[in-house]
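The values are calculated or read from the model by the stated rules, or taken from the named source; none is laboratory data. Please read all numbers here as calculations on a predicted model, not as lab measurements. Cβ: placed from backbone, ideal geometry, glycine included. Neighbour counts: every protein chain shown. Keep in mind that these areas ignore ligands, DNA and RNA; they rest on the heavy atoms of the full protein, side chains included. Shrake-Rupley method; radii C 1.70, N 1.55, O 1.52, S 1.80 Å.
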Amino acid sequence: MRTLAPANVLGGVRAAIIDLDGTMLDTVPDFHVAINAMREETGLAPISADSIKLMVGKGSENLIRAVLALDFDTAGVTARFDAAMDAYQRHYLAINGDFSVLYPDVLAGLEALKAAGLRLACVTNKPIAFALPLLRQKGLAGYFDVVYGGDSLARKKPDPLPLQQVCRDFGLAPAQVVAIGDSSNDAQAARAAGCPVLTVPYGYNHGHSIHDTDSDGIVDTLLEAAKLLGLHGNPTHTQHVS
């Protein structure tokens, strides 16, 4: 499945901002282990990976509040939040990356994008203390010139600030920097920043179809994204992207 964007949208792209959870890595298995360890520590029953998948993507604080809201009202969530967050962070750091897996063609896609001369940034809502070691463990860190976590800047996606910061870091206009992600967070941030955006269909997106998200194209994999940029005549592309 590939929905093509107009050539003038992607033709001048010189850099890409790539999401982490749900785009490069299926991290729900890590979340599942860490969250249920937290719940056990606080005397709560385990929950399914499918239920956790619906809550992922808006940062750790939102995730833990949503998990607690399965059992408590607003006051109860507030009263238990700090202890639950502490427990979750301890358990997550202990297993970070142990159960998560790369999606198909992620490494091939990153190789193709780099071979084409594009600069790459990873922008995720995952805390930077989780994101950096995860990228290193999975062999992804070396592809990125810039990495921002959800707590690296004053605001996180869907706010455009992290994408705008990457554009400034690279010295490029937003129209020259494509965002690639799996959710409405990525698309909304890109639209607000003035960046083109491609989406993948296999991620989380809070339980909603990615076809309902406003993007410039849906691509099966990061490798397909690299090929799509080549189809639109990106001047930096070479024969390596094929």
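When the test is whether a residue is modelled with pLDDT of 95 or more and open to solvent by less than 10 Å² (accessible area, probe 1.4 Å), G139 does not pass it. Being open to solvent by less than 30 Å² (accessible area, probe 1.4 Å) and modelled with pLDDT of 95 or more is a property that does not hold for A45.
Hey, could you check region 199-214 for residues that are over 19 Å from V9 (Cα atoms), within 11 Å of the chain's Cα centre (by Cα) and at pLDDT 85 or above and say which is surrounded by the fewest Cβ atoms within 10 Å (Cβ to Cβ)? Ranking the qualifying residues of region 199-214, first place goes to Y204. Looking for something within 17 Å of the chain's Cα centre (by Cα), of a type in the set (S, T, N, Q) and open to solvent by 30 Å² or more (accessible area, probe 1.4 Å) - is there at least one such residue anywhere in region 20-28? Checked against the condition, which is being within 17 Å of the chain's Cα centre (by Cα), of a type in the set (S, T, N, Q) and open to solvent by 30 Å² or more (accessible area, probe 1.4 Å), region 20-28 yields no hits at all. Residue pairs whose Cβ atoms lie under 6 Å apart, separated by 6 or more positions or on different chains, with the first residue in region 208-224 and more than 19 Å from Y103 (Cβ to Cβ) and the second open to solvent by 30 Å² or more (accessible area, probe 1.4 Å), are D216/V9. Residues in region 170-189 that are closer than 18 Å to C122 by Cβ, assigned to a helix (DSSP H, G or I) and out of contact with any Lys or Arg (no Cβ under 9 Å at 6 or more places or on another chain): 2 in all.
Could you check, for region 123-134, whether at least one of its residues is at positive phi, open to solvent by 10 Å² or more (accessible area, probe 1.4 Å) and without any contact (Cβ under 8 Å) to a residue 40 or more places away in the chain?
Narrowing region 123-134 to residues at positive phi: none.
The answer is no, given that none of the residues of region 123-134 is at positive phi, open to solvent by 10 Å² or more (accessible area, probe 1.4 Å) and without any contact (Cβ under 8 Å) to a residue 40 or more places away in the chain.
Scanning region 31-63 for residues that are in contact with a strand residue (DSSP E or B) (Cβ under 7 Å, 6 or more places away or on another chain) and either under 11 Å from A84 (Cβ atoms) or of a type in the set (A, V, I, L, M, F, W, C) (or both) turns up just one, V56. Of the residues making up region 171-185, one or more are over 18 Å from L10 (Cβ atoms), at pLDDT 95 or above, open to solvent by 50 Å² or more (accessible area, probe 1.4 Å) and out of contact with any Cys (no Cβ under 9 Å at 6 or more places or on another chain).
Within region 1-22, track down each residue that is closer than 21 Å to H206 by Cα and modelled with pLDDT of 55 or more. Matches in region 1-22: I17, I18, D19, L20, D21, G22.
Could you tell me whether L113 is within 30 Å of A226 (Cβ to Cβ) and either within 19 Å of the chain's Cα centre (by Cα) or modelled with pLDDT of 95 or more (or both)? Working first, answer last.
On the way: within 30 Å of A226 (Cβ to Cβ): yes; either within 19 Å of the chain's Cα centre (by Cα) or modelled with pLDDT of 95 or more (or both): yes.
Spelling it out, L113 is indeed within 30 Å of A226 (Cβ to Cβ) and either within 19 Å of the chain's Cα centre (by Cα) or modelled with pLDDT of 95 or more (or both).
Yes/no per residue for (1) open to solvent by less than 50 Å² (accessible area, probe 1.4 Å); (2) in contact with a helix residue (DSSP H, G or I) (Cβ under 6 Å, 6 or more places away or on another chain):
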site: S51; (1), (2): yes, no
site: A87; (1), (2): yes, yes
site: R90; (1), (2): no, no
site: S100; (1), (2): yes, yes
site: A108; (1), (2): yes, yes
site: Y143; (1), (2): yes, yes
site: G149; (1), (2): yes, yes
site: A154; (1), (2): no, no
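Name every residue in region 135-152 that is part of a helix (DSSP H, G or I) and touching a residue at least 40 places away in the same chain (Cβ under 8 Å), in order of residue number. The answer is L135, Q137. Among the residues of region 65-93 satisfying the criterion of being in contact (Cβ under 8 Å) with a residue 24 or more places away in the chain and under 15 Å from V33 (Cβ atoms), which is farthest from the chain's Cα centre (by Cα)? Within region 65-93, the match that is farthest from the chain's Cα centre (by Cα) is A87.
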